[in-house]
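Inspection log for the structure reproduced underneath, given as structure tokens.
The values are calculated or read from the model by the stated rules, or taken from the named source; none is laboratory data. Just so it is clear, the model here is predicted, and its values are computed rather than measured. With ideal geometry, Cβ positions are generated from the backbone for all residues, glycine too; neighbour counts draw on all protein chains shown. The accessibility values were calculated without ligands, DNA or RNA, using every heavy atom of the protein model including side chains. Shrake-Rupley method; radii C 1.70, N 1.55, O 1.52, S 1.80 Å.
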Amino acid sequence: NREITIIRDRWATCERWKGYYVLPQGIKLEDRVVKTLEMLSPSNGEALYLDIGCNDGILTRIYADKIRVKHVYGVDIVNTDIACQRGIKAFEVDLDQEIPLPFSSKMFDVITCCGVLEHVSNTDFVVREIFRLLKDDGYAVLMVPRLDSFLSILLLLLSYQPPDIECSTKRKYGVIKSGGVVSGHVSYFTKQALFEMLRFYDFEIVDYTESSLASAWELDRKLLGQSISIFDKFLCLFLKSLPFKKDRSIVKIKKIPIYRYSKSLSK
């Protein structure tokens, strides 16, 4: 399938916008990853952890270290062989095939699914799988771009294409600087839409935070050796300081307790 080949090539070779950069002095994390880490809680070490979208396993290992787990699993469409070399039991999976993930129901204490749902056509399938795989007392952390962010609204008002919203699988059109690698996003979430979907599938929202795309953009420019103008610095500072409507939604969820679920059905 040509589209699957394009997706694999994009993610197997892309070294940018993964959420981290490997530097001589160590790994530099983007703000969205730092915020995700803050959602994760240490376990007793015997917990089972699954990362949906593990890629090469670098972030998966960072998340696993924060959770303090020994048993780490992952799925992705690319680089699962590299993830396995990092001690992750990783499986190559194409979520758009809508085939149940190769794990038992209620197997995992913690699941992360960060930067994945926006790449999947049937997001309902993935959310249902998270519910199936998560233990009743477990939790999951999801991260998606926020369609109704302040930056997206501002760019629309200026007649530009918002970040991550593309009309081509080849190149970016209608943005401030055309060209570049496309994100490949096919599903889009406002904060309200994300919450409604999760609640529809019997999850409750435990915690929520947001991250600005500006911090990732600044880091990317610096690492590429590109200068940032005074205006751009001011704009980034403004976007990062916004208390709401930032570009990435990060949410921690749990299953609705059985007694509450049964009570709601009886109404």
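Here are some notes:
- Within region 179-200, the residues that satisfy the criterion of being closer than 15 Å to Val144 by Cβ, not in a helix (DSSP H, G or I) and not polar (S, T, N, Q) are Gly184, His185, Val186, Tyr188, Phe189.
- Residue under evaluation Gln25, criteria (1) closer than 26 Å to Gly184 by Cα; (2) out of contact with any strand residue (DSSP E or B) (no Cβ under 7 Å at 6 or more places or on another chain), criterion not met: (1)
- Residue that is nearest to Val116 (Cα to Cα), among those in region 75-90 that are assigned to a helix (DSSP H, G or I), of a type outside the set (A, V, I, L, M) and touching a strand residue (DSSP E or B) at 6+ places or on another chain (Cβ under 6 Å): Thr80
- Whichever residue in region 33-44 is touching a strand residue (DSSP E or B) at 6+ places or on another chain (Cβ under 9 Å) and not aliphatic (A, V, I, L, M) and, among such residues, is most open to solvent (accessible area, probe 1.4 Å): Glu38
- Within region 132-149, tally of residues that are of a type outside the set (Val, Ile, Thr), outside any loop (DSSP other than H, G, I, E, B) and open to solvent by less than 70 Å² (accessible area, probe 1.4 Å): 11
- Being among the β-branched types (Val, Ile, Thr) and open to solvent by less than 50 Å² (accessible area, probe 1.4 Å) holds for only one residue in Val126, Val206, Val181, Val186, and it is Val126.
- Filtered residue count, region 150-178, keeping only those that are buried (at least 17 other Cβ atoms within 10 Å of the Cβ), among the polar types (S, T, N, Q) and out of contact with any strand residue (DSSP E or B) (no Cβ under 8 Å at 6 or more places or on another chain): 1
- Qualifying residue in region 45-64 (condition: touching a helix residue (DSSP H, G or I) at 6+ places or on another chain (Cβ under 6 Å) and surrounded by fewer than 21 Cβ atoms within 10 Å (Cβ to Cβ)): no
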